[in-house]
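For reference, the structure is listed below as structure tokens.
The values are calculated or read from the model by the stated rules, or taken from the named source; none is laboratory data. Not measured: the values here are computed from a predicted model. Positions of Cβ are backbone-derived with ideal geometry, glycine not excepted, and every protein chain shown enters the neighbour counts. Only protein heavy atoms, including side chains, enter the accessible area calculation; ligands, DNA and RNA are left aside. Shrake-Rupley method; radii C 1.70, N 1.55, O 1.52, S 1.80 Å.
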Amino acid sequence: MSWRRDFWLLFAGSGLATVATRASVAAYPLLVLLLTGSPLLAGWVRFASMAPHLIFTLPFGVLVDRYDRRRLLVISQLGRAAAIGVFVVVVATEGPWLPVLWATVAVEGTLTVLHQRALDPAIAEIVPKEHVTWAVSRNEGVQTGATLVGQPAGGFLLGLGHAFPFVVGLAAQVVAAATILSARRPALEIAKPGVGVHDQSEAHGHTNVTIAEHVAVQSASTGRMRGVRSAVQDMAEGARWIWRDAFLRLAVTVFTSTNLLWQMLSILIIVLATSARASPAAVGLILGATGVGGVVGTMVAPQVLRHIGPVTVLRLGCWLWLGAIAIIAFATGPPMLAAGWGCVGLIAGVLDVATMTYMISFTPQELMGRATSVPATLASGLSPLSALAGGYLLELWGPAPVLIVAAVAMGGIALLATLARVPSQAR
């Protein structure tokens with residue numbers, strides 16, 4: 001059971017690193033606002049922290065398929081600690097803090113993407129397949145919980161002093177790096193040239209290996225060995241793997257589409273809550289309900305998946321999401337808004353665990369980084385645009401028409417998920 005020790009070390013280190021990162025991401029724009037009084041500068045700082053997700057997610061997916069994932073996780077932690085340390089020194093010595101802050105935010109955002117891309121493949125290397133659901137549920141839960149804790153922690157620490165969030169974040173990143181470094185990295189099993197599909201499946205204890213999986217394993221192994229494949233080809237290979245797998249293709253379509261809706265609805269929730277005369281603190285609690293629901297969802301997901309396959313979970317989740325939108329639409333006050341928004345997060349938590357369990361179980365190790373980077377890129381790339389679109393639609397139409405559009409769109413997504421054909425191995 002030595003893999004459990006390694007998993008818990010990775011679990012603790014990555015969770016601590018996420019708390020530190022979320023705290024600093026929340027503190028940076030607040031600090032700019034406090035010191036300059038400029039919402040515009042604060043907004044640009046927030047943008048600078050988000051931009052690396054769009055730019056580097058796919059390239060880093062290639063990177064984590066070529067190099068030691070545990071080492072990349074440690075590099076991401078130590079790199080973020082170094083960037084924060086430089087900023088703390090500049091602030092303490094009253095140097096030119098604003099340009100250094102820009103650089104720090106960019107570096108920290110970039111290395112956060114590296115951490116996110118390396119984490120799931122690193123877990124897949126450690127955990128036996130029969131325990132994947134257990135491991136994924138805990139990892140998804142700690143990442144969601146870390147976000148819930150980290151964001152308010154950033155504001156709280158900033159209230160104690162301008163340097164507090166960053167000093168604490170520096171220490172946390174160093175401890176996280178040391179913790180992850182203590183976990184061992186097992187050697188990847190690379191497909192050997194000349195071994196047939198049947199031989200490989202028997203060697204790994206599987207009898208239902210698809211031709212697409214065999215091709216992906218062989219091509220990824222060859223690419224790693226000769227080391228001359230272009231990054232563009234490698235990124236395209238990850239996208240082709242998603243496209244060839246009927247369940248992953250459906251899941252990415254559902255998650256990308258619904259993510260557009262959630263970004264729009266998050267703006268709508270704020271509008272509805274403020275129109276109901278909810279205080280700013282109450283609005284924050286309502287928005288945080290989706291995170292609480294997400295943590296609960298990841299906790300109950302293993303029990304759900306013992307009885308229901310991932311395809312059924314995905315289809316049922318879409319219809320339940322439609323019900324959550326109905327709760328929001330008929331909400332008579334902040335408690336019902338929080339309940340509806342919390343249900344959105346709970347369902348998302350279950351679906352995230354189901355989809356990641358399937359991906360880890362059926363995706364070759366050599367493709368994990370690239371395969372997981374595809375949905376992450378779609379989500380990060382479209383989120384800002386959908387939030388902007390939601391604001392414009394609310395300005396033009398008001399809440400009621402936007403809710404109708406969201407419900408119709410969610411109904412269409414649920415119908416698509418129900419009618420889509422998926423092979424029996426995913427059920």
Some residue of segment 47-57 being assigned to a helix (DSSP H, G or I), within 30 Å of P128 (Cβ to Cβ), touching a residue at least 24 places away in the same chain (Cβ under 8 Å) and open to solvent by less than 20 Å² (accessible area, probe 1.4 Å): yes
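In segment 18-40, is there at least one residue being within 28 Å of A239 (Cα to Cα) and touching a residue at least 40 places away in the same chain (Cβ under 8 Å)?
The first filter runs over segment 18-40 and keeps only residues within 28 Å of A239 (Cα to Cα), leaving 18.
Imposing the further condition that a residue be touching a residue at least 40 places away in the same chain (Cβ under 8 Å) reduces the set to 18.
Within segment 18-40 (the criterion being within 28 Å of A239 (Cα to Cα) and touching a residue at least 40 places away in the same chain (Cβ under 8 Å)), the answer is yes, since at least one residue qualifies.
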Lone unmet requirement of (1) open to solvent by 20 Å² or more (accessible area, probe 1.4 Å); (2) out of contact with any Asp or Glu (no Cβ under 7 Å at 6 or more places or on another chain); (3) within 19 Å of T312 (Cβ to Cβ) for P334: (3)
Unmet requirement for T363, which otherwise passes all of (1) open to solvent by 30 Å² or more (accessible area, probe 1.4 Å); (2) in contact (Cβ under 8 Å) with a residue 60 or more places away in the chain: (1)
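Return a yes/no flag: does segment 32-52 have any residue that is within 17 Å of L119 (Cβ to Cβ) and touching a helix residue (DSSP H, G or I) at 6+ places or on another chain (Cβ under 9 Å). Outline the logic, then answer.
Step one: filter segment 32-52 for residues within 17 Å of L119 (Cβ to Cβ), giving 52.
If we keep only those that are touching a helix residue (DSSP H, G or I) at 6+ places or on another chain (Cβ under 9 Å) too, we end up with 52.
Yes, segment 32-52 has at least one match.
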Residue in segment 5-18 that is in a helix (DSSP H, G or I), in contact with a Gly (Cβ under 7 Å, 6 or more places away or on another chain) and closer than 30 Å to P364 by Cα present: yes
Some residue of segment 73-88 being open to solvent by 50 Å² or more (accessible area, probe 1.4 Å) and modelled with pLDDT under 90: no
Pair list, Cβ under 6 Å, 6 or more apart: segment 66-90 residue under 20 Å from A183 (Cα atoms), other residue part of a loop (DSSP other than H, G, I, E, B) and modelled with pLDDT of 90 or more: none
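Inspect segment 377-389 for any residue being modelled with pLDDT of 85 or more and either among the polar types (S, T, N, Q) or open to solvent by less than 20 Å² (accessible area, probe 1.4 Å) (or both) and give the result as yes or no. Reasoning before the result, please.
Within segment 377-389, the subset modelled with pLDDT of 85 or more is none.
No, every residue in segment 377-389 fails to be modelled with pLDDT of 85 or more and either among the polar types (S, T, N, Q) or open to solvent by less than 20 Å² (accessible area, probe 1.4 Å) (or both).
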Only one of A203, A212, A239, A216 that is surrounded by 15 or more Cβ atoms within 10 Å (Cβ to Cβ), farther than 30 Å from I328 by Cα and modelled with pLDDT under 80: A216
Single match in S49, S24 (criterion: modelled with pLDDT under 80, within 18 Å of the chain's Cα centre (by Cα), hydroxyl-bearing (S, T, Y) and closer than 27 Å to N139 by Cα): S49
Residue that is least open to solvent (accessible area, probe 1.4 Å), among those in segment 89-104 that are in a helix (DSSP H, G or I) and over 17 Å from G37 (Cα atoms): T104
